[in-house]
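> Quick one: the structure is below, and I'll ask about it shortly.
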Amino acid sequence: MTETSRVRIVESADVSPDAVIGDGSAVWHLAQVREGVRMGENCIVGRGAYIGTGVEMGDNCKVQNYALVYEPAKLGDGVFVGPAVVLTNDTYPRAINPDGSIKSAHDWEPVGVTIEKGASIGARATCVAPVTIGAWATVAAGAVVVKDVPAYALVVGVPARRIGWVGEAGIPLKPADDADIWVCPSTGDRYIESEGTLSKETV
């Protein structure tokens, strides 16, 4: 294990010397972190996970075992990426061109998935680029996301669809007496729904 007072990288991990790893972060067994990655503070990259070239990660992110985060994905602060999640980067994938020649890196332009602050992606979910997962949203395990997910949304299924709202604690919200107000049963925080979007009520 390579360990400074601030960063832990186990010996079996493959971390490019060109990657920037923030203080307090850890990269575990058999994970690969490619060149140009910018990882914030206190992040965890689990066993066998892959972080592609130039991926940006905020502070306090968790990328669990065997997740594949392909470039040019962008993860905000506090993002959770569950085990075996895939963030794709090719809208129209092909191994060869129409003339039969093998595609090279110059034959396509990667597009990324953006995951905003506090959002969570459940185990084995797939996010098909280019999509944006809004802040504090939750993508259920096994879902396939093919369109943008609004902030605080709870989405499930193939293709993913919204079935409710979640608060910043990650717990499904309950409707209040007012039809446009939702309440977190854990924290008591209130949220206002308007035209298919949700925002936290400010005091």
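Bear in mind that the values in this text are calculations on the coordinates, not laboratory data. None of the values given here were measured: they were computed from a predicted structure. We place every Cβ from the backbone using ideal geometry, glycine too, and count neighbours over all the protein chains shown.
> Only four residue types carry charge here, +1 at the Cβ of Lys and Arg and -1 at the Cβ of Asp and Glu. Report the dipole size of the chain about the Cα centre in Debye, rounded to the nearest 20.
Computed about the Cα centre, the dipole is about 540 debye.
> A follow-up question, please. Is the shape of the stretch 29-97 best called rounded, prolate or oblate, per the rule: a/c under 1.5 gives rounded, else a/b larger than b/c gives prolate, else oblate, with a ≥ b ≥ c the square roots of the Cα gyration tensor eigenvalues?
Here the stretch 29-97 falls in the prolate category.
> At what distance in angstrom do the alpha carbon centres of the stretch 14-33 and the stretch 126-203 lie from each other?
That distance is 31 Å.
> Which of the GluC sites (Glu not before Pro) found in the stretch 1-63 are loop residues per DSSP with 13 or fewer other Cβ atoms within 10 Å of their Cβ?
E11, E35
> Let me ask something additional. Modelling each spin label as a point 7 Å along the Cα-to-Cβ direction, I'd like the S194/D14 distance in nm, to one decimal.
5.0 nm
> Sorted from fewest to most neighbouring beta carbons within 10 Å, what does the list T138, T132 look like?
T132, T138
> Can you tell me the relative contact order of the chain? Whole percent, Cα pairs under 8 Å, sequence separation 6 or more.
RCO, the chain: 10 percent.
> I171 to R6: extension gain in nm, 0.36 nm per residue of separation minus the Cα-Cα distance?
Stretched fully, the I171-R6 segment lengthens by 56.2 nm.
> Modelling each spin label as a point 7 Å along the Cα-to-Cβ direction, I'd like the A179/D90 distance in nm, to one decimal.
Label at A179, label at D90, 4.8 nm between them.
> Hey, another quick one. Give the calculated FRET efficiency between R124 and S186 to the nearest 0.05, with a Förster radius of 22 Å applied to their Cβ-Cβ distance.
0.30
> K103 to T53: extension gain in nm, 0.36 nm per residue of separation minus the Cα-Cα distance?
Result for the pair: 16.1 nm of gain on full extension.
> Next question. Show the residues, 5+ positions off or on another chain, whose built amide H is closer than 5 Å to the amide H of R124.
A84, V85, G142
> May I pose another question? Sort H106, H29 so the one with the fewest other Cβ atoms within 10 Å of its own Cβ comes first.
H106, H29
> Still on this structure, I have one more. Would you kindly derive the ³J(HN,Hα) couplings of the stretch 59-72 from the backbone phi angles with the Karplus curve 6.51 cos²θ - 1.76 cosθ + 1.60 (θ = phi - 60°), listing them in order in whole Hz, with x for Gly and Pro?
Each residue's phi maps through the Karplus curve to give 6, 6, 8, 10, 10, 7, 3, 6, 6, 10, 10, 8, 5, x Hz.
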